[in-house]
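Nothing in this text is a laboratory measurement; each read-out follows from the coordinates by a stated rule. All figures in this text were calculated on a predicted structure; none of them were measured in a lab. A quick note on method: Cβ atoms are made from the backbone with ideal geometry, for glycine too, and the neighbour counts reach across all protein chains shown.
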Amino acid sequence: MEVTATMIKDLRERTGAGMSDCKKALVEVAGDVEKAIDYLRTKGLAKAAKKAGREATEGAVVSYIHGGGKIGVLVEINCETDFVARNEDFMLFSREVALQIAAMNPLFVRKDEVDESAVTREREVLLAKAKESGKPEPVIQKMVDGQISKWMKEVVLLDQPFVKDPDKTIEQLQQELISKIGENIKIRRFVRFELGEGLEKKKNDFAAEVAQQAGLA
C-alpha cells in the first residue's frame, strides 16, 4: 500500500511524532494507521501515549441541552492544568463530546467499564435470536461474537464514530487534542437525561436531530 502525505499528516496529528518517524512507521506496517500508532508507541515516539499516564485533575464539567429541554448531558473532562481547561480547543472538544453523548447515547466511557453482566445479558439475547436462524452452532457463535463486538462499539463512548466526522472515533479525536495541546486529557464520566425516559412514548431519532441542528444533514 502506498504511503501518502495525507496518511503521514494524519498519523502525526494523532501521535505528535515527527514526520519522518510517521512515514517510517507507516512503511513498516504497510499503511495500516492503527498498527502504525502501536509501532510508534513501542518505539516511545508517540507523544500522546507518553502523556496518558500523567495526572489529570483539572478540567471542566460541561453541559449540553438539546431540543428545548428534551435531552440533557453533563460530562466531566479532565486535563492537567487550569490554563488548558480554559483553552479554546479543550472547550470545543468538551462541547463536541457532550453533543456526541446526547446524539448517540453511550452507556460507558471506555471498554474496561463495561460490566461483564451487561455483556452476558446482551450475548444471551443475541444468541436466542441467532438460534432462530437454524444455522449450525459454530456459525451461530461467530455471528454472536461479531454482534457483541458491534454492540461494544455502540455503547462505549471512546469507540463510537464521531457524529460530525464518522471517519474518526471519539478516542482518536481525544488523542489529536492531546498531541495538539501537550497535556493528558481524560473523559472521566457523564450522565445523560432524556425527557420521559422509561415512560411509554414515541421514539425520535435524536442523532438525526442533533446532526441537523449542527448543520450536518
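Identify which of 157, 26, 92 has the largest mean-square fluctuation in a Gaussian network model of the chain, with springs joining Cα atoms closer than 10 Å. For the chain, modelled as a Gaussian network with Cα springs under 10 Å, the answer is 92. A crude spin-label estimate for the pair residue 32 and residue 150, with each label 7 Å from Cα along the Cβ direction, gives 2.3 nm.
Per-residue 3J(HN,Hα) values for segment 17-34, derived from phi via the Karplus relation 6.51 cos²θ - 1.76 cosθ + 1.60 with θ = phi - 60°, read 6, x, 4, 5, 5, 5, 4, 4, 5, 5, 5, 4, 10, 6, x, 7, 5, 5 Hz in sequence order (x marks Gly and Pro). With contacts taken as Cα pairs under 8 Å at a separation of at least 6 residues, the chain carries a relative contact order of 25 percent.
Indicate the gyration tensor shape class of segment 115-154 (rounded, prolate or oblate), computed on the Cα atoms with a ≥ b ≥ c the square roots of the eigenvalues: a/c under 1.5 is rounded; otherwise a/b larger than b/c is prolate and the rest oblate.
Note, shape of segment 115-154 comes out prolate.
Under 5 Å from the amide H of residue 189 lie the amide H atoms of 76, each residue being 5 or more positions distant or on a separate chain, with H modelled from the backbone and absent for Pro and chain starts. Looking at the chain alone, DSSP beta bridges between its own residues are antiparallel in about 95 percent of cases. Checking the Cα-Cα distances for 24/111; 35/150; 24/150; 131/153; 111/186 against a 25 Å cut-off, the pairs over it are 24/111; 24/150. Net length available on complete extension from residue 110 to residue 123 is 2.8 nm, with 0.36 nm assigned per residue and the Cα-Cα distance removed. The structure shown yields Kirkwood radius over Cα pairs in Å, and of the options [x] 17.5; [y] 19.4; [z] 18.3 that calculated value carries the label [y]. Residue ranges 124-132, 160-168, 175-183 sort as 175-183, 160-168, 124-132 when ordered by packing (mean number of other C-beta atoms within 10 Å per residue, highest first).
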